[in-house]
1. In the neighborhood of residue 232, defined by Cβ-to-Cβ distances under 15 Å, what is the net charge if each Lys or Arg adds +1 and each Asp or Glu adds -1?
2. I'd like the Karplus ³J(HN,Hα) series for segment 169-181: coefficients 6.51, -1.76, 1.60, θ = phi - 60°, whole numbers in Hz, and an x wherever there's a Gly or Pro.
3. What is the calculated FRET efficiency for residue 257 to residue 296, with r their C-beta to C-beta distance and R₀ = 25 Å, to the nearest 0.05?
4. Just how large is the dipole of the chain about the Cα centre, in debye to the nearest 20, putting +1 at every Lys and Arg Cβ and -1 at every Asp and Glu Cβ?
5. Would you kindly state how much longer the chain becomes between residue 314 and residue 73 on full extension, computed as 0.36 nm times their sequence separation minus their alpha carbon distance, in nm to one decimal?
6. Rank-order 123-134, 76-87 by packing density, defined as the average count of other C-beta atoms within 10 Å over each peptide's residues, highest first.
7. Put a dot 7 Å past each Cα toward the Cβ at residue 230 and residue 324; how far apart are the dots in nm?
8. Using θ = phi - 60° and the Karplus relation 6.51 cos²θ - 1.76 cosθ + 1.60, list the HN-Hα couplings for segment 107-123 in order, rounded to whole Hz, with x at every Gly or Pro.
Amino acid sequence: MTVAIDRATGKRRGERGPRPGLGQRLKHSYQKYWYAYAMITPVVIVLGVLVLYPLVYGLYLTLTDANSLNTARTIGVNHIDATYKFIGLDNYKDILFGPLSYDRFWSHFIWTIAWTALCVALHYSIGLGFALLLNQKLRGRTLYRLLLIVPWAVPTFVTVFGWRIMLSDGGIINTALHALHLPQPSWLEDTFWQRFAAIMVNTWCGVPFMMVSLLGGLQSIDASLYEAAEMDGASAWQRFRYVTLPGLRSVSSTVVLLGIIWTFNQFAVIFLLFGATSAPDAQILVTWAYYLGFGQQPRDFAQSAAYGILLLAILIVFTSFYRRWLNRNEQQLAI
């Protein structure tokens with residue numbers, strides 16, 4: 001066998017040279033892509049300041065016993081140094097397995113899961129119904145779209161305060177129920193009705209997003225598929241099941257994932273509807289974490305931060321399993 005050798009370099013043809021070092025690779029990358037680095041640098045700095053630093057500092061706080069009594073603070077002209085200590089994973093042990101773990105974590109975790117599942121199911125089903133309706137040729141369809149998107153366009157605090165006024169004892173809802181000789185629930189006092197009201201208000205706020213997203217997905221489905229199915233004698237339900245739902249699979253998977261993440265961390269609706277101290281059994285994990293850190297005395301910064309890290313971990317695990325499940329289903333359908 002003959003091996004060709006380059007006379008100029010003395011290397012065999014096709015033989016790779018030594019790999020450049022890390023510094024050389026970085027220098028070459030900077031020289032080639034300096035403009036891209038210049039464009040993303042402000043974003044990296046902002047994300048580092050607003051996301052990465054609070055996350056790292058919060059993770060550090062979870063390993064301490066920091067609260068409002070032992071952190072550094074200034075009272076008048078006197079500065080008091082921090083005296084909190086490093087305690088390792090004791091906060092996580094106390095939250096998950098401590099004597100008050102059910103009342104402080106697991107009961108709120110169960111309610112948060114139920115709240116998320118019910119809200120997202122209502123968002124999707126009602127939003128899909130409205131999207132199907134608006135996808136038809138209706139007179140005044142543009143006006144209906146504008147009216148149905150108003151709850152999403154109005155700021156959340158305005159919407160929730162409006163519902164809070166309507167759900168009060170003398171509000172329009174109980175007044176209407178009284179006029180119809182129907183029971184008048186204690187929407188803002190009784191635990192069951194507090195949870196019912198929270199789901200109702202969050203559904204009102206979240207349906208327009210699902211409707212708009214699914215309407216866009218419906219309009220991207222090829223109309224010839226419906227024509228072919230109708231020519232084959234498919235019923236309306238069969239066209240919906242075998243044409244509409246598969247056509248919405250990619251859109252549905254994305255909006256459902258976003259809906260779960262947003263609803264799981266939906267702070268505004270619960271907090272504005274009930275406040276930080278009332279309705280303890282209607283608080284979800286994120287509002288309960290806020291209560292521990294800012295709604296009680298002494299404020300428990302360490303446990304509040306630990307709740308935040310646990311919330312992040314739960315969502316990361318769920319998202320990874322959800323994406324794997326979707327990919328597995330897509331592979332099975334492809335086969």
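1. Charge balance near residue 232 sits at 0.
2. Rounded to whole hertz, the list is 4, x, x, 5, 5, 5, 5, 5, 5, 5, 5, 8, 6.
3. After rounding, the FRET efficiency stands at 0.15.
4. Roughly 1800 debye for the chain.
5. Roughly 83.5 nm would be gained on extension.
6. Averaged packing, sorted descending, gives the order 123-134, 76-87.
7. Using points 7 Å along Cα→Cβ, the separation is 4.4 nm.
8. Couplings: 5, 6, 5, 4, 5, 5, 5, 5, 4, 5, 4, 5, 5, 5, 4, 5, 4 Hz.
The values are calculated or read from the model by the stated rules, or taken from the named source; none is laboratory data. Remember, it's a predicted structure, so these values are computed and weren't measured experimentally. Don't worry about glycine lacking a Cβ; one is built from the backbone with ideal geometry, like all the others, and counts go over all protein chains shown. Keep in mind that these areas ignore ligands, DNA and RNA; they rest on the heavy atoms of the full protein, side chains included. Shrake-Rupley method; radii C 1.70, N 1.55, O 1.52, S 1.80 Å.
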